[in-house]
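Just below is one structure, and these are the notes that go with it.
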Amino acid sequence: LADAIFAQDRNGKAPEELAKDFLNPDLGVETIEDALSGASDIIAERISDDAELRKSLRARMQKSALCESKAAKEDEDSVYRLYYDFHQLVSKLQSHQVLALNRGEREKLLKVEVVCDDEPALQLICRSVFRKPHPYEKQLTEMAQDAWKRLLFPSLNREIRKELTETANEQSIATFALNLRPLLMQPPIKNHVVLGFDPG
């Protein structure tokens with residue numbers, strides 16, 4: 001049924017008519033709604049598994065998505081108060097902000113989410129899935145919406161958050177090493193040469 005809905009030529013049949021040919025009580029497909037729901041899930045999975053589409057959507061999110069945070073509890077003061085009403089483009093987040101947001105979220109003091117305009121993402125998905133005019137444009141658009149909200153956005157959201165965290169960790173380690181080196185290299189006792197320290 002999923003392949004039939006993808007096909008450009010519907011031969012005058014509505015999706016409900018096509019679904020009748022795929023009813024199979026032995027497989028749990030007892031009604032037209034069951035058949036259409038199954039086809040919708042299959043198509044949404046196919047859309048979600050498209051590597052090129054995922055790459056395009058990830059690039060769009062990295063460029064235009066916003067990272068927002070709010071206080072998890074009302075009227076509770078904490079070291080994270082700067083992030084109680086925070087909005088910043090993902091592409092402009094600083095490493096210390098990413099680490100602070102992650103800590104606040106871990107400590108259940110912040111609610112952090114990446115938000116993205118759904119409409120451009122949906123248009124991008126639709127362009128990759130079917131050519132207009134398509135006999136099942138309405139149904140495929142609904143399936144594209146399902147793929148975006150249920151599969152693609154949550155998955156890409158996790159990928160972007162993970163990437164931000166890894167980059168922030170690397171930068172914080174590099175900064176720590178840069179600051180530590182001069183501290184370790186300075187003479188421990190002024191005007192004296194020290195050959196070594198006795199740990200005892």
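The values are calculated or read from the model by the stated rules, or taken from the named source; none is laboratory data. If you're wondering where the values come from, they're calculated on a predicted model, not measured in any experiment. In this analysis, Cβ positions are derived from the backbone assuming ideal geometry, glycine residues included, and neighbour counts consider all displayed protein chains. Areas reflect the complete protein model, heavy atoms only, side chains present, ligands, DNA and RNA absent. Shrake-Rupley method; radii C 1.70, N 1.55, O 1.52, S 1.80 Å.
Worth a mention:
- Going through (1) farther than 20 Å from Thr141 by Cα; (2) of a type in the set (D, E, K, R); (3) more than 21 Å from the chain's Cα centre (by Cα); (4) not in a helix (DSSP H, G or I) one by one, Lys13 falls short only on (1).
- Condition check for Lys55: open to solvent by 90 Å² or more (accessible area, probe 1.4 Å) and in a strand (DSSP E or B): no
- A Cβ distance below 7 Å, combined with a sequence gap of six or more or placement on separate chains, defines the contacts here; from region 117-144, residues that are under 17 Å from Leu18 (Cα atoms) reach residues that are open to solvent by 90 Å² or more (accessible area, probe 1.4 Å) in the pairs Pro135/Arg10; Tyr136/Arg10.
- Some residue of region 74-93 being open to solvent by less than 100 Å² (accessible area, probe 1.4 Å) and among the charged types (D, E, K, R): yes
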